[in-house]
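Structure record follows, encoded as structure tokens.
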Amino acid sequence: MTIIQSFGAAETVTGSCHFLQIKSGPNILIDCGYFQGENEQKTSEPFDFKSTDVDIVLLTHAHLDHVGRVPKLVKEGFDGKLVALRATMDLAEVILMDSAKIAEEDYKTALKKARRTGNEKKIPPPIYSSDDALAVFDLTIQYAEYDKTIQLTPNVKVTFRNAGHILGSATIQIEVTEDGVVKTLVFSGDLGSRRDIIMPHPALVKKADALYIESTYGDRNHRPLQETIAEFKEIVINTLKNKGNVLIPSFAVERTQEVLLMLKEMYYNKELPVCKVFLDSPMAIRATQIYNNYHAELNAVADKLLLRDGTVFEFPYLQYSLKNQESMLINKEESGCIIIAGSGMCTGGRILHHFKHRLWDERNSVIFVGYQVHGTLGRQMIDGASSIQLFHESINVNAKIHMLNGFSAHADQSDLLAWMGEFEQLEKVYLIHGEPDKQTVFKDVIKEQLHKSVHIVKYGEKIFV
């Protein structure tokens, strides 16, 4: 008998963390991610299990809400084995080091302010440091390969399948043998869309006694991708022809690479007016290099561009701005620029400086290509703010603001149903990684269309398989 408890991504979309206690061992943790948004405070709270009780950590992919607490786990005593795709670990290094750096900088700023009032003892230290993040990569790491089974222990074997979400993303199939009986547990991870710009379709799985599946968009279908791409092209072309600039706040992993791929295809199709394209994010530049290194894991569109000129993303108009001085020089460009910079929700990063210099100009356009959480600067802008506060200054929002919703790297309801519909044997479905209202809709649809038993997983509840 295996006991599964979800200590994250249970009736919420972040903090992925699933603890498996297998009767004859080992104890396995699938993901150990940050909580974000309204549940962010849970990231710094103690784990609901002892870090030293975990024997093996399996990672589905490198997004912060799936790997962000691994350094905390190590800091508190975990010294077992970590299993993931090599591409996942390369991206995780970029993401975890950036996360640690931000936490350290925020701590220093808060401490400095607190010292002025004598309240420095009230400032909690960072959840982990850069050294703690580096310690993750000193663990025993076993690199998985897609569709190749790993014998973890005499009674447990795992297989990673391509989830099509981001580079290195995986659905994890775990086969546990106890008393001669084999149980198959499948954790979908985040599944990608069947219409993704850069990633291949999610690989199919044939059997599961228990399927833990994400349900982020279980209540809806996305806008058709080709409509979104057409709108993106129209905004870019019209803005550049009117001697304006295009500002794109973008997430460093996956969304930036999708934007670059679209712009490169526009260039080769002679749709892109003569311009300068600046990728102004050290983190996104590193992530793009990693994507290029693992081009074999991308889709046919990426392969075609690679064969054409030896690189997936680079083209003559593209310039990388790695150093701060290079970023500042972009401000001297009056028009004809496309500027891609973080952060994706405008909560920090170089995009804020570009807003200061260009947001007030009505010739310019801002294209949001990712979801904007309530309370973020990005959300204020798409909700119609006439001005925003930046660096203690009020900046008028005269640029045209566009929100494109069709770029989601998550499967929608039709994608999820189609993927589950390919199972030859599927005993029970467990919904994770979704908001309760969306999960309720998805549960009813699964029961109606696939006639499967469905359960919405609650935080910490024990599920016996």
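The values are calculated or read from the model by the stated rules, or taken from the named source; none is laboratory data. These numbers were taken from a predicted model, which means no experiment stands behind them. Positions of Cβ are generated from backbone atoms using ideal geometry, with glycine treated the same way; all protein chains shown enter the neighbour counts. The area values use the complete protein model at the heavy-atom level, side chains included, leaving out ligands, DNA and RNA. Shrake-Rupley method; radii C 1.70, N 1.55, O 1.52, S 1.80 Å.
If a residue must be over 22 Å from the mean Cα position of the chain (by Cα) and open to solvent by less than 30 Å² (accessible area, probe 1.4 Å), how many such residues does the range 395-419 contain?
3
Filter the range 329-342 down to the residues that are aliphatic (A, V, I, L, M) and touching a residue at least 24 places away in the same chain (Cβ under 8 Å), then identify the one that is surrounded by the fewest Cβ atoms within 10 Å (Cβ to Cβ).
Residue satisfying both the conditions and the ranking: ILE330.
Take the residues in the range 274-318 that are open to solvent by 30 Å² or more (accessible area, probe 1.4 Å), at pLDDT 95 or above and more than 24 Å from the chain's Cα centre (by Cα), then tell me which one is farthest from LEU96 (Cα to Cα).
Here the answer is VAL274.
So which of ALA92, ALA87, ALA133, ALA103 ends up being under 21 Å from PRO46 (Cβ atoms) and open to solvent by less than 10 Å² (accessible area, probe 1.4 Å)?
Testing whether each residue is under 21 Å from PRO46 (Cβ atoms) and open to solvent by less than 10 Å² (accessible area, probe 1.4 Å) leaves just ALA133.
Counting just the residues of the range 229-254 that are within 21 Å of ILE382 (Cα to Cα) and at pLDDT below 95, which one comes out most open to solvent (accessible area, probe 1.4 Å)?
Looking at the filtered set, the residue picked out is PHE251.
Can you spot a residue in the range 344-357 that is modelled with pLDDT of 95 or more, closer than 23 Å to GLU234 by Cα and among the hydrophobic types (A, V, I, L, M, F, W, C)?
The answer is yes; a qualifying residue exists.
Given the conditions (1) buried (at least 19 other Cβ atoms within 10 Å of the Cβ); (2) in a helix (DSSP H, G or I), which single one is not true for LYS108?
Exception for LYS108: condition (1).
Can you pull out the residues in the range 422-440 that are open to solvent by less than 60 Å² (accessible area, probe 1.4 Å) and among the β-branched types (Val, Ile, Thr)?
VAL429, ILE432
Can you tell me which residue within the range 1-60, out of those that are assigned to a loop (DSSP other than H, G, I, E, B), under 19 Å from LEU191 (Cα atoms) and among the aliphatic types (A, V, I, L, M), is most open to solvent (accessible area, probe 1.4 Å)?
VAL13
Among the residues that make up the range 444-454, is at least one of them surrounded by 15 or more Cβ atoms within 10 Å (Cβ to Cβ), closer than 27 Å to GLU227 by Cα and under 25 Å from the mean Cα position of the chain (by Cα)?
no
Please determine whether any residue of the range 166-188 is within 24 Å of GLY406 (Cβ to Cβ), touching a helix residue (DSSP H, G or I) at 6+ places or on another chain (Cβ under 6 Å), part of a loop (DSSP other than H, G, I, E, B) and at pLDDT below 95.
Among the residues of the range 166-188, not one is within 24 Å of GLY406 (Cβ to Cβ), touching a helix residue (DSSP H, G or I) at 6+ places or on another chain (Cβ under 6 Å), part of a loop (DSSP other than H, G, I, E, B) and at pLDDT below 95, which makes the answer no.
For GLN142, are the conditions met, namely being closer than 30 Å to MET1 by Cβ and without any contact (Cβ under 8 Å) to a residue 12 or more places away in the chain?
no
Counting only residues that are surrounded by 17 or more Cβ atoms within 10 Å (Cβ to Cβ), under 30 Å from PRO224 (Cβ atoms) and hydroxyl-bearing (Ser, Thr, Tyr), how many does the range 144-202 have?
Residues meeting the conditions: 4.
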